[in-house]
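The values are calculated or read from the model by the stated rules, or taken from the named source; none is laboratory data. Values in this document were obtained by computation on a predicted structure and should not be read as measured data. So basically every Cβ, Gly included, is an ideal-geometry build from the backbone, and we count neighbours across all protein chains shown. Accessible surface areas use protein heavy atoms only, side chains included; no ligands, DNA or RNA. Shrake-Rupley method; radii C 1.70, N 1.55, O 1.52, S 1.80 Å.
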Amino acid sequence: MRAAIVLYVLLALLAVSLPWLGLYPVFLMKLLCFAMFACAYNLLLGFGRMLSFGHAAFFGFAAYVTSWLVTAHGAGPATAVLCGMAVAALLGAVIGGLAIRRRGIYFAMITLALGQLVYFVCLEAPFTGGENGLQGVPRGTLFGLLPLRSDRVMYYLVLAVFVAVFLFIRRVVHSPFGHVLRAIRENEARAISLGYDINRYKLLAFVLSAALSGLAGSLNSLVLGFATLSDVQQSTSGEVILMTLLGGTGTFFGPVVGAALVITLQEYLSDVVGGWVTAIIGVIFVACVLSFRRGIVGELEALRLRRTHRGAAGPAEPA
Amino acid sequence: MTLSRWTIALGAATLMAASPHAARAADSVVIGDIDDMSGVYADVEGAAGAEVINMAIADFGGTVLGRKITVLTADHQNKPDIGASKFREWADQQGLNLLLGGSNTGVNIAMAKVAAAKKVPFIVIGAGGASLTNEDCTAYSVHYVYDTTALANGTATAMVNAGNKTWFYLTADYAFGTQLQNAASKVVETRGGKNLGAVRVPLGAADFSSFLLQAQASGAQVLGLANAGTDFSNSLKAANEFGVTRTMKPAALLAFITDIHSLGLKTAQGLYLTTAWYWDLNDETRAFAKRFFAKVNRQPTMDQAGVYSAVLTYLKAVKAAGTTDSDKVMAQLKKDKINDMFTQGGYIRADGAMIHDMYVMQVKTPQESKYPWDYYRVVRKMSGAEAFGPITGLCPLAPK
Amino acid sequence: MSTILGIPVAVILGQLTLGLVNGSFYALLSLGLAVIFGLMGVVNFAHGAFYTLGAFAALLGLQYLGINYWVALLAAPLAVGLLGVLVERLLLRHLYGLDPLYGLLLTFGLALIVEGSLHQVFGASGQSYPVPESLAGVLNLHFMFLPLYRAWVILASVVVCFSTWFVIERTRLGATLRAATENAPLLQAFGVNVPLLVAATYGGGVALAALAGVLASPVVLVNSHMGTELVIVVFAVVVIGGMGSILGAIVSGLVLGVVEGFTKVLYPEASNIVVFVIMALVLILRPAGLFGRE
C-alpha cells in the first residue's frame, strides 16, 4: 500500500515537472487528451464489453461545438468545453439508444455506420467549415481570471482535468453501477434473471463514455486551436481502439500507456519511416489481436500475479 | 485493478523517450516547406519543389549572414490540422525562420493563423485563395505566385470575350474552389454573362459522373472547372467520356503544365488558362527549366519556379536587413523590388500580395506543337495591376 | 423539357442510371460480406482492402505484365482469393474459439496494413486505368450519354450476383455450405473437409470483392483509399438487408444505389448519409433487417 502511494506521488511529481524538462507541452497535451479519450473508451469496451467503432463522432463533434462556440460566439473556455461535453452526451444517448438494440458485432457495425453519418454531417454542415475546419480557436481566459495562452499554463489545466477524469472513471468502475456493468459483461443472461434492466445500464455507460470522449475532444481543440474533419474521421475511431487494446482493456492505466505509445509512434516514427506508420500500426494491431490480447498493462498484471503466486490463473481475459 | 509498478515505470520511460529535442540552437537559418507531397496536388509543387529550394540556396551562395541554411519538409496530406501542427512545432522547436506554403488554400489559411501567432514569415506559393491577402491576411504572410482573382481576370475574361456567356461551375468543395468560383462569377457578370449555378464536389473525388450530369442539365455554354491538380484532369476526362464537352466548353480556371502534359494536347487543345510563368517564355526561364528538367525529367510549373524566386527574395531581404528578425525582414520584403527569372518589376503590396505580370495562354493544337512540352501560345500579358486588381480594403493592413 | 417536381425528367433518369451503377458495386460487395458472415460469422472489415487490391492487381498487371482487362477480370480475383485463403489459414483460424469481436478487430488491422502500404507505395492520388477498347463507346439514351462501360458494369454485377445466389441456394455445393453454417461438426462427421470449405469460402468472398475492384478500375481512379469509405456504406447495406441473407444483400445493394441516385437529384447534400439514415430506420422498425431471418 505504501509502495503504491510513493509511486503515485512520484508519478505526480514527474507529470508536473515534464514541461520544465524540455518536453514539448503541446505534444504532451495532445497525449493527455487522447489518453482521456482512450480511458473513456475503455469504460465501454473494457468494463462494459461493448465495441464501438464510431467513437470519434463524440470526440470530434464536441471539438466542433466547442470551437464554434468560442469563435462564433466568444464563449469562455469553461462554458465551451462543458457545452461540448453536454452535446457529446446527447449524441451518445441517440446513437447508443439505436445501437444497443443489437449486440456484439451488430452493435459494432451500427456504431460504425452512425459514426460515419456524423462525419458526413460535419462535412456538410455550414457551422463546421467543411474541409477547412474551424481554425484559429483562441484558448481564452479561464473563468475570466486565468489566461490560457501560455502552453505551460494550459498544460497544467489539461493535466488537472485528466487526473479528475481518471479518478472519476475509477470511482465509477468501483461503484455499484460499475459492479452491475461488469456483471452484465460477464454474463448477460444471469444479470437479466437477477432483475437488472440491462439496457438502461448499457445506455448509461455509453452516454458516460460519450460525454468523457467529448470532454477530451473539446479540450484537444482548445489545445491545438482548431477542429477539423480528422477529429470525426473513421481513422480516429480506429486509433482509440488500438490504444485501448494495445494498452490493455479492462485495466486503468492500460489506455494511458496505449495512448502514449500510439501518439509517440505516430509523431516520431513518421519522421523515421514516413508514411509507413499506418501500415506498422496495422501490424501492431494484428499482433495484439492474435497473441497479445490483454495488452501491455494486462500482460504485466498477469505476470505480476503469477510471480506472487496469488492465483492459479491470471486475471480473467477482458472482452 | 491494482497498480503495477512496471506500468508506471513503463509509462514514465515512454514519456521520457518521447521527448522531442529541445529547440535547436539558433545558429542556422531554417527554411520550412509544408506541401501536398502525395495527394491531389503532389505534382504541382511536391517533392520536386523541395529540390528547387536547394537550387536557390546554392545559387545564393549556400550561407546568409555567415549562417548555414537548413531545409525542413513535410507532407500536409491536404489536412489543415497536420499543416498547422507541423508549422507550430517547427516554430516552437526548430527555430523556423521562413515557411513556404504549398498547395491547398484551406491548409494555408490554417497555417497563416499560426504565422501570425508565432510571428514567422510565411510565403504562400501553391495556394490560390485570394482571401489570404484579404480576410485571412496577416502581417507575416506573402502571397507570391498567383491568386483566384488573377485567374478569373485572365481566363474568365478571355472566354466571355470570345462569346461564352452562360456559365455553370464544378467546384472543389473547400476554400480554394469556392473563392475561385466566386471570382469567376464576378468577372462573368461584370462582362455581361450569366451564372446559371454550381455543384460542389469533394476534394479528390473519384467519380465525377453524377456532378457532370447536373452541369449538363443546366444548359450552360461553359463548364467552369473551379478545381485543380488531378481533380481538374479527371473532371475534364470524365466530361469527355460522358459527352458533356459536346455541348459545353470547359473552362480551365486553374491548370498547370503538368495537367496539360497528363491530359495530352488532343484533349486539352484550345483551353484558355492563366499562368504566372511558363518555361519557354525567354532565355532565363529556359535556362532554369533546363536545370530543373535534368533533375526531375519534367518541365517546371509556375509554382516550382515561384519557390525558387521566393527563397532567393527572402535570402536577399535577410542580407539587406542584416538580421532574421521577422518584423525587420517583413519590412524589407515589402520594400524590395523582385527582378529575377520568375518576374521583372514584381513587388509585395501592403496586404501581402506579390504584384507581378500574369499571362493568358491558350493550349496549342497537336499540329501547332513543335517539340516536347511546347504547349502554350501567349494570348496576352496582363500587368500586375490588371491581374490582381486594386486593394479591396478587406485586409486591415491595407485600407482602401 | 418535361419535369417532375421542377426537375427535368432527363436529370432524374440520368441520376437513377448512375445510381444503378453504384448499386451494382454495393450489391457485389455486400454479397461477398454476406457470404463470409453467413458461413463464418466473421465481419470482414478488410473487405474494402481486398476490393482495392483487386483494382491494383488489374492496374499493375496492365503496367508491368501487359495483362489486359479481360484476363484481369479472372486473374485478379483468383490471385486475391488465394491471398484470402492464406489470410484465413494463417491468421483468422486462431480466433475461432473466441469472441467474434476479435475477428472483426483482426480484419480491421489487416485493412490498415493493406491500405497503409498501398498509400505509401503509390501515393494518395489515383492512377487511371483505361477502359478496354471493346467497351469504349457511348450509348445515347436520349436522357443522357451513358458510357458503354458502365452499362457493362451493371450487367456483369447482376449476372455474377445472381449466379452466386443460385449456387448457394440451389445447388449441392451451396447446400453443403449452408449446412456448414448450421452445424459444422456434424457436417465434418459426414466426411466433408470443413476447414477447407471455410478457407475456400473466405477466399471466395474476398475474390468477389476483388472482382468488384477490377470492374471499378476504369470508372474511378485506382487509389489506396477507394475501399475505405465504400466499405462502411456496404456494412450499412448489409445491416439493412439482413446480415445472413444473400438475396437481401444483393437486392438491398441495388435498391440503395438507386435511392442514393434519387437523393442526389432531390437533396444532394444528404446523398452521403441517406443509406445510414435508412439503416437507422430499419433498426428501429425491423432490427433483423429487411430480409433477415433472426
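Just a few scattered comments:
- Modelled this way, with points 7 Å down the Cα-to-C-beta line, the labels at A:A72 and B:T247 are 3.8 nm from one another.
- Where the Cα pairs of region B:156-223 fall when distances are cut into 5 Å bins, in %: 3, 18, 28, 23, 19, 8, 2
- Surface exposure of region A:1-110, expressed per residue as accessible area with a 1.4 Å probe, stands at 34 Å².
- Counting charges near B:Y146 (Lys, Arg +1; Asp, Glu -1) among other residues having Cβ under 13 Å from its Cβ returns a value of -4.
- For chain C, the longest principal axis of the Cα atoms and the long axis of helix C:172-182 meet at an angle of about 70 degrees.
- At 0.692 mPa s and 37 °C, Stokes D of region B:56-106 from Kirkwood alpha-carbon radius, µm² per second: 261 µm²/s
- Pairs of Cα atoms nearer than 8 Å and 6+ residues apart set the relative contact order; for chain C it is 38 percent.
- Chain A and chain C together bury an accessible surface of about 3800 square angstrom, both sides counted, with a 1.4 Å probe and no ligands or nucleic acids included.
- In the B-A interface, the accessible area buried, summed over both sides, Å² (probe 1.4 Å): 3500 Å²
- Across region B:234-338, Cα pairs under 8 Å and at least six residues apart give a relative contact order of 18 percent.
- Rough spin-label spacing in nm, given labels placed 7 Å along Cα→Cβ, for A:A93 and B:K68: 6.1 nm
- CD proxy at 222 nm, helix term only [per DSSP H run n ≥ 4: -39500 (n - 2.57); per residue of chain A; nearest 500]: -23500 deg cm²/dmol
- Nearest 10 degrees, 0 to 90: helix B:5-17 Cα axis against chain B principal axis: 70 degrees
- Of B:K118/B:K319; B:K113/B:K337; B:K266/B:K364; B:K316/B:K337, pairs whose Cα-Cα distance is over 20 Å: B:K118/B:K319; B:K113/B:K337
- The C-alpha atoms of chain C define a longest principal axis, and helix C:47-65 lies at about 70 degrees to it.
- Straight-distance crosslink candidates among aspartates and glutamates, where the alpha carbon sits under 17 Å from A:K202 and sequence neighbours closer than 8 are dropped: A:E186, A:E188
- As a calculated quantity, the FRET efficiency between C:L285 and B:N54 at R0 = 56 Å, using C-beta atoms, amounts to about 0.30.
- Computed from the Cβ-Cβ distance with R0 of 51 Å, the FRET efficiency linking A:V153 to C:N140 stands at 0.15.
- Label-point separation, A:V163 to C:E169 (7 Å along Cα→Cβ), nm: 6.4 nm
- Over the residues of chain C, the helix contribution to mean residue ellipticity at 222 nm works out to -24000 deg cm²/dmol, using -39500 (n - 2.57) for each DSSP H run of at least 4.
- Lysines with Cα under 16 Å of A:K30, excluding same-chain neighbours fewer than 8 positions away: B:K86
- Accessible area expressed per residue, region B:28-186, with surrounding protein chains retained (probe 1.4 Å, Å²): 24 Å²
- Calculated mean residue ellipticity at 222 nm for chain B: -12500 deg cm²/dmol, from DSSP H runs with n ≥ 4 weighted as -39500 (n - 2.57), summed, divided by the residue count and rounded to 500.
- Relative contact order (%) - criterion: Cα under 8 Å, at least six apart; region: chain B: 16 percent
- Accessible surface of the protein assembly as shown [probe 1.4 Å, protein heavy atoms]: carbon and sulfur percent: 62 percent
- Residues whose amide H falls under 5 Å from that of B:Q77, counting only those 5 or more places apart or on a different chain, are B:M37, B:S38, with hydrogens built in the peptide plane.
- Within the shell defined by Cβ-Cβ distances under 14 Å, the residues around C:I273 carry a net charge of -3, with Lys and Arg each +1 and Asp and Glu each -1.
- Alpha-carbon centroid distance for the pair region B:54-98 / region C:256-294, whole angstrom: 48 Å
- Here the Kirkwood formula puts the hydrodynamic radius of chain A at 20.1 Å, using every distinct Cα pair.
- Centre-to-centre separation between the Cα atoms of region C:186-229 and those of region A:217-233: 37 Å.
- Cα centroid of region B:227-275 to Cα centroid of region C:56-125, whole Å: 34 Å
- Shown for region A:280-301: residues covered by the partner protein chains by 40 Å² or more of accessible area relative to the chain by itself (probe radius 1.4 Å), namely A:F285, A:V286, A:V289, A:L290, A:R293, A:L300, A:E301.
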